[in-house]
Amino acid sequence: MNKSIKGVLIRKNVSLKKFNTFRVNAKSSEFYVPETINGFIDLIKLLNEKDKRYLILGGGSNILFLDKVIEFPIIYTGFFSRIEHTSHNILAYSGARVIDTVKYAYKNAFTGLEFLYGLPGSIGGAAYMNARCYEHSVSEFIDSVGIIDDNIEYMHIGNADCKYDYKRSIFQNKKYIILDVRFKLNKSSKKLIKPEMNKYLKDRKTKHQFKYPSAGSTFLNDYNTNMIAGKVIDSINMRGVRLGGAMVSPYHANFIVNYNNASGYDILNLMRKVKEEVYNQKGITLNAEVRIVSNDEDAKL
């Protein structure tokens with residue numbers, strides 16, 4: 001699609017290595033960067049008219065690119081990174097980094113988001129996946145989400161309409177595109193907020209979460225059956241298992257990492273190996289948290 005669109009940068013054959021936290025070396029044949037909301041809307045309308053499949057890409061922290069070249073359009077939200085506030089809440093646009101949003105909250109003495117400090121990815125992705133860590137989900141602090149809806153109109157929906165659950169949201173089932181997130185936060189003292197931020201960052205560093213490129217937790221927990229994926233994988237001694245350039249982290253069994261220029265298929269095949277071994281030895285079926293992106297729409301774990 002070569003048609004120029006006002007308010008949208010169009011690039012060809014863009015390396016995606018810095019756009020995914022696995023640091024898989026893939027390329028995008030069609031890479032779009034909307035610079036305005038109207039440009040974004042016009043782009044979506046055009047793609048829909050042509051019935052073209054596309055991917056909305058933010059921080060790439062939960063994405064696994066399988067193919068060396070992704071042949072369908074990728075729309076990168078990185079331009080939408082503004083963060084602002086009122087006396088009662090913070091509005092972060094979808095391309096804003098999670099870590100920058102937490103820093104902004106601290107700077108303006110808002111508390112609630114400290115548990116996210118050090119988490120990779122963007123605000124749009126966090127709202128889409130209902131990011132969860134340290135017994136908190138980001139949805140606990142979301143007031144509303146600005147979206148492009150099914151009618152390709154910009155509107156806001158409330159927290160209840162997002163249908164949040166454990167690492168689930170309405171955005172995973174409908175073609176809503178997240179443009180911004182409004183957080184409901186309390187005011188506090190910066191002297192109290194900073195130690196909390198540092199506590200979570202220190203814990204992440206202690207667990208070596210930044211030692212190798214990864215997407216964080218690979219498989220979902222099942223709290224209905226008290227199944228913690230990392231503990232189950234650990235119980236069958238799979239830490240350090242390697243396949244190609246991919247490895248089950250020696251430090252956290254639910255992290256699959258890129259330790260040596262892993263391809264997307266190295267990582268996927270190791271995910272499959274872990275899933276198979278867990279099922280064979282424990283009778284438990286693991287479900288992936290990582291979103292698999294391939295030219296083959298049927299590619300899955």
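The residues of the range 187-215 that are under 17 Å from Y104 (Cβ atoms) and either modelled with pLDDT under 95 or basic (K, R) (or both), listed by number, are K187, K190, K194.
In the range 55-89, of all residues being β-branched (V, I, T) and assigned to a strand (DSSP E or B), the one that is surrounded by the most Cβ atoms within 10 Å (Cβ to Cβ) corresponds to I63. Pairing residues of the range 266-291 that are over 23 Å from N130 (Cα atoms) with residues that are at pLDDT 95 or above and among the hydroxyl-bearing types (S, T, Y), at Cβ distances under 7 Å and at least 6 apart in sequence or on separate chains, gives Y279/T285. I need the full set of residues from the range 216-251 which are at pLDDT 95 or above, more than 22 Å from G283 (Cα to Cα), in contact with a Ser or Thr (Cβ under 9 Å, 6 or more places away or on another chain) and not in a loop (DSSP other than H, G, I, E, B), in order please. Matches in the range 216-251: A246 only.
The residues of the range 127-147 that are in a helix (DSSP H, G or I) and open to solvent by 10 Å² or more (accessible area, probe 1.4 Å), listed by number, are Y128, M129, S139, E140, F141.
Is it the case that the range 257-264 has a residue that's open to solvent by less than 60 Å² (accessible area, probe 1.4 Å), at pLDDT below 95 and part of a loop (DSSP other than H, G, I, E, B)? Spell out the reasoning first.
As a first pass, look at the range 257-264 and keep what is open to solvent by less than 60 Å² (accessible area, probe 1.4 Å): 257-258, 262-264.
Subset that is at pLDDT below 95: none.
No; the residues of the range 257-264 include none that is open to solvent by less than 60 Å² (accessible area, probe 1.4 Å), at pLDDT below 95 and part of a loop (DSSP other than H, G, I, E, B).
Quick check: anything in the range 184-191 open to solvent by less than 70 Å² (accessible area, probe 1.4 Å), in contact (Cβ under 8 Å) with a residue 12 or more places away in the chain, assigned to a loop (DSSP other than H, G, I, E, B) and under 29 Å from I44 (Cα atoms)? Among the residues of the range 184-191, not one is open to solvent by less than 70 Å² (accessible area, probe 1.4 Å), in contact (Cβ under 8 Å) with a residue 12 or more places away in the chain, assigned to a loop (DSSP other than H, G, I, E, B) and under 29 Å from I44 (Cα atoms), which makes the answer no. Here Y32 meets each of (1) open to solvent by 50 Å² or more (accessible area, probe 1.4 Å); (2) at pLDDT 95 or above with one exception, condition (1). Within the range 258-266, the presence of a residue that is charged (D, E, K, R), over 21 Å from Q172 (Cα atoms) and touching a Ser or Thr at 6+ places or on another chain (Cβ under 9 Å) is excluded. Under the condition of being in contact with a Lys or Arg (Cβ under 7 Å, 6 or more places away or on another chain) and open to solvent by 10 Å² or more (accessible area, probe 1.4 Å), the residues counted in the range 92-117 number 3.
When D150 is tested against the conditions (1) assigned to a strand (DSSP E or B); (2) open to solvent by 70 Å² or more (accessible area, probe 1.4 Å), the lone failure is (1).
Kindly indicate which of L57, L113, L46, L66 is out of contact with any helix residue (DSSP H, G or I) (no Cβ under 8 Å at 6 or more places or on another chain) and touching a residue at least 12 places away in the same chain (Cβ under 8 Å). Talk me through it step by step, then tell me what you get.
Values: L57 fails: out of contact with any helix residue (DSSP H, G or I) (no Cβ under 8 Å at 6 or more places or on another chain); L113 fails: out of contact with any helix residue (DSSP H, G or I) (no Cβ under 8 Å at 6 or more places or on another chain); L66 fails: out of contact with any helix residue (DSSP H, G or I) (no Cβ under 8 Å at 6 or more places or on another chain).
From the options L57, L113, L46, L66, the qualifying one is L46.
Among the residues that make up the range 246-259, is at least one of them at positive phi and either touching a His at 6+ places or on another chain (Cβ under 8 Å) or not assigned by the TED database to the domain that holds L113 (or both)?
First, the residues of the range 246-259 that are at positive phi: none.
So far as the range 246-259 goes, no, none of its residues is at positive phi and either touching a His at 6+ places or on another chain (Cβ under 8 Å) or not assigned by the TED database to the domain that holds L113 (or both).
The selection criterion, being open to solvent by 60 Å² or more (accessible area, probe 1.4 Å), of a type in the set (F, W, Y), at pLDDT 95 or above and farther than 30 Å from L113 by Cα, holds for Y279.
The values are calculated or read from the model by the stated rules, or taken from the named source; none is laboratory data. What you see is a predicted model; the values in this text were computed from it and never measured. As a convention, Cβ positions derive from the backbone with ideal geometry for all residues, glycine included, and neighbour counts pool all protein chains shown. For accessibility, only protein heavy atoms count, side chains too; no ligands or nucleic acids. Shrake-Rupley method; radii C 1.70, N 1.55, O 1.52, S 1.80 Å.
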